[in-house]
């Protein structure tokens, strides 16, 4: 017992002595911030607005509405509007200084009589000019001109491909405007690969966000997220919060996603991306089981557009893409980015699974465009799995302005039914059941009866939504 007590005393003594040494050492964040803080700039955009706006607070912005989820304040209409954000210097060529920021921070700078003001660390103001905007990633490049002998700090770009959850993350920005410029907050990487966010009616097409608990507030958009080595690993983009304050959920665009974007914006004024020509769909556990896949990865081809690279390669709807250009495909978000960043005009291998068998196609990507009779049954409707359907030329379709040549339209979905636990909605057109074509109500009744008499645990539907999208949906036949 006495020996144990001496051991505890010795350990406590060591801890006490070494704690003094640790406390005397400089905090490792000090030098990191000192070396990069000067690259961070304040951005102010003044423009004509026809909507509701309070100075410095873009209440009419989709990002604001989504993340804060607050009612839009009803303010008097104002001719002059101001929005503010952050950016950071990543390059200098002679007198020209190039700055990365978010598209939503500066996109109003395109409007007539708009003016972008960039404030550097020395408090000097410069007139900003838009080099290029990319709403598909929410990134933008602007530039300013400075005196030949003026000095600016350039932020080094790091590598965001090998980030690990739990590693340090430092955010620098201008929360709430110029009065709190270049504020530093510290946290960790909370997650990577976050996607599928909707800002208002839409969101950036290419999403692969880094999530961090480093405090990011309104005005930090466009600022750098930095690692412990002082390298930029992300561009701060948005926060998720119910009360307009930071709750430890911030999102940044990975710097490796930003590299090609900023390079193309500087060179072409727009981003050149690869185009395949399909509508991809996420693989769910139900779809994986229905398609007898080994795991829940890859993307399902919901539709192949005619005359596109995918069509020319022999790709078909129902194919599951598991590898693209020799890189494994995890999900739709990663797939979109992989296609966009792949070389155009070269033959690229695409591994697919079709009817349970692996096959390799060769596809040659193009540049992405700027914007991408049987007898009727006597009865007029049918019910199955808790959903009611009718012919596509019936009353429901007519009232809802649905025009389709074949299939059946869902008119109602019962609560607590198998259909209600899926993403099916009234107005969806069912075109296939278990890959069998549904031309009309007679087909629907015949094939649904066959499925009910089988021992299958799930049924696979191919549907067209009212927005023109195409989806495969797997529904559990039994609870």
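So here's what we get for this one:
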read-out	value
Mean-position separation - Cα centroids, the stretch 253-310 and the stretch 321-355, in angstrom	7 Å
Among 133-143, 432-442, 355-365, 254-264, the order from most to least packed when residues are scored by Cβ within 10 Å on average	133-143, 254-264, 432-442, 355-365
Packing rank of 420-429, 98-107, where each peptide gets the mean count of other beta carbons within 10 Å, highest leading	98-107, 420-429
Prolate/oblate/rounded call for the stretch 281-378, Cα gyration tensor, a/c under 1.5 rounded	oblate
Least to most buried among 275, 206 (fewest other Cβ within 10 Å first)	275, 206
For peptides 288-295, 397-404, sequence by mean Cβ density within 10 Å, most packed first	288-295, 397-404
Inter-centroid distance (Cα atoms) of the stretch 447-478 relative to the stretch 135-172, Å	47 Å
Exposure proxy order (Cβ contacts within 10 Å, fewest to most) of 168, 384	168, 384
When the stretch 306-450 is reduced to its Cα atoms, the Kirkwood hydrodynamic radius in Å	18.0 Å
Residues 151, 47 arranged by fewest to most Cβ contacts within 10 Å	151, 47
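Rule-based calculations on the coordinates, nothing more; no lab input. Just so it is clear, the model here is predicted, and its values are computed rather than measured. Neighbour counts are summed over all protein chains in view; Cβ atoms, including those assigned to glycine, are modelled from backbone coordinates with ideal geometry.
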